[in-house]
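Notes for the one structure printed next.
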Amino acid sequence: MPAPRATWLRLDPAANIPVAYVENALYENPKVASVAVIGIPDPRLQERACACVVLRLGVEDFTFAEMQQLMFSSISEASPHLSA
(Lines give C-alpha, C1' and ligand atoms only; values in the text may rest on other atoms or scores of the structure.)
Protein backbone atom coordinates (compact mmCIF):
# COMPACT_ATOMS: atom_id res chain seq x y z
CA MET A 1 0.00 0.00 0.00
CA PRO A 2 1.35 3.48 -0.85
CA ALA A 3 2.67 5.71 1.92
CA PRO A 4 0.41 8.51 3.24
CA ARG A 5 0.68 11.82 1.38
CA ALA A 6 -0.43 15.27 2.42
CA THR A 7 -0.87 16.66 -1.10
CA TRP A 8 -4.32 17.60 -2.36
CA LEU A 9 -5.58 17.29 -5.93
CA ARG A 10 -7.93 19.89 -7.36
CA LEU A 11 -10.35 18.02 -9.62
CA ASP A 12 -12.60 20.98 -10.26
CA PRO A 13 -13.08 24.44 -8.71
CA ALA A 14 -15.24 23.00 -5.92
CA ALA A 15 -13.38 19.81 -5.04
CA ASN A 16 -10.05 19.13 -3.42
CA ILE A 17 -9.29 15.43 -3.12
CA PRO A 18 -6.23 13.97 -1.36
CA VAL A 19 -3.78 12.57 -3.91
CA ALA A 20 -3.40 9.45 -1.76
CA TYR A 21 -7.15 8.85 -2.02
CA VAL A 22 -6.95 8.73 -5.82
CA GLU A 23 -3.80 6.59 -5.75
CA ASN A 24 -5.37 4.13 -3.32
CA ALA A 25 -8.54 3.90 -5.43
CA LEU A 26 -6.50 2.94 -8.49
CA TYR A 27 -4.18 0.68 -6.49
CA GLU A 28 -7.15 -1.43 -5.35
CA ASN A 29 -7.67 -2.68 -8.90
CA PRO A 30 -6.11 -6.15 -9.23
CA LYS A 31 -4.62 -5.15 -12.61
CA VAL A 32 -2.51 -2.38 -11.02
CA ALA A 33 0.96 -3.11 -9.61
CA SER A 34 1.91 0.47 -8.80
CA VAL A 35 0.49 3.98 -9.15
CA ALA A 36 1.58 7.55 -8.54
CA VAL A 37 -0.42 10.70 -9.16
CA ILE A 38 1.69 13.70 -10.06
CA GLY A 39 0.89 17.31 -10.89
CA ILE A 40 1.65 18.68 -14.33
CA PRO A 41 1.38 22.35 -15.33
CA ASP A 42 -1.96 23.52 -16.70
CA PRO A 43 -2.61 27.04 -18.03
CA ARG A 44 -6.19 27.15 -16.73
CA LEU A 45 -6.05 25.19 -13.47
CA GLN A 46 -2.37 25.88 -12.65
CA GLU A 47 -1.87 22.15 -12.12
CA ARG A 48 -3.54 19.06 -13.55
CA ALA A 49 -3.34 15.51 -12.24
CA CYS A 50 -1.55 12.79 -14.15
CA ALA A 51 -1.81 9.18 -12.97
CA CYS A 52 1.24 7.04 -13.72
CA VAL A 53 0.06 3.44 -13.60
CA VAL A 54 2.17 0.28 -13.85
CA LEU A 55 0.18 -2.84 -14.63
CA ARG A 56 0.84 -6.23 -13.07
CA LEU A 57 2.90 -8.66 -15.11
CA GLY A 58 0.73 -10.27 -17.78
CA VAL A 59 -2.00 -7.62 -17.77
CA GLU A 60 -2.40 -6.13 -21.21
CA ASP A 61 -5.66 -4.24 -21.00
CA PHE A 62 -6.56 -1.49 -18.59
CA THR A 63 -8.31 1.24 -20.52
CA PHE A 64 -8.47 4.90 -19.63
CA ALA A 65 -12.26 4.58 -19.36
CA GLU A 66 -11.88 1.69 -16.91
CA MET A 67 -9.37 3.65 -14.83
CA GLN A 68 -11.57 6.76 -14.90
CA GLN A 69 -14.67 4.82 -13.79
CA LEU A 70 -12.76 3.20 -10.92
CA MET A 71 -11.36 6.55 -9.79
CA PHE A 72 -14.66 8.44 -9.94
CA SER A 73 -16.65 5.71 -8.21
CA SER A 74 -14.15 5.74 -5.33
CA ILE A 75 -13.71 9.50 -4.97
CA SER A 76 -17.44 10.15 -5.12
CA GLU A 77 -17.42 9.19 -1.44
CA ALA A 78 -14.97 12.03 -0.71
CA SER A 79 -16.73 14.54 -2.95
CA PRO A 80 -20.32 13.45 -3.75
CA HIS A 81 -20.99 16.14 -6.37
CA LEU A 82 -18.45 14.59 -8.76
CA SER A 83 -19.77 12.03 -11.20
CA ALA A 84 -18.30 9.82 -13.88
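The values are calculated or read from the model by the stated rules, or taken from the named source; none is laboratory data. Owing to the predicted nature of the structure, the values given are computational and were not obtained by experimental measurement. When we count neighbours, we look across all protein chains shown, and the Cβ atoms used for this are built from the backbone with ideal geometry, even at glycine.
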Exercise. Hey, could you check segment 26-49 for residues that are hydrophobic (A, V, I, L, M, F, W, C) and part of a strand (DSSP E or B) and say which is surrounded by the fewest Cβ atoms within 10 Å (Cβ to Cβ)?
Key: Ile40
Exercise. Starting from segment 38-51, keep only residues that are closer than 16 Å to Gln68 by Cα, then list their pairs with residues that are acidic (Asp, Glu) whose Cβ atoms are within a distance under 8 Å, requiring at least 6 positions of separation or different chains.
Key: Arg48/Asp42; Ala51/Glu23
Exercise. Mind counting the residues in segment 62-77 that are outside any helix (DSSP H, G or I) and free of Cβ contacts under 8 Å to residues at least 24 places away in the same chain?
Key: 3
Practice problem: Determine if segment 20-27 includes at least one residue that is over 10 Å from the mean Cα position of the chain (by Cα) and not hydroxyl-bearing (Ser, Thr, Tyr). | Solution: no
Exercise. Mind listing just one residue for me: the one in segment 22-36 that is touching a strand residue (DSSP E or B) at 6+ places or on another chain (Cβ under 8 Å) and not aliphatic (A, V, I, L, M) and, of those, farthest from Glu60 (Cα to Cα)?
Key: Glu23
Quiz item: at pLDDT below 70 and among the hydroxyl-bearing types (Ser, Thr, Tyr), is that true of Ser79?
Solution: yes
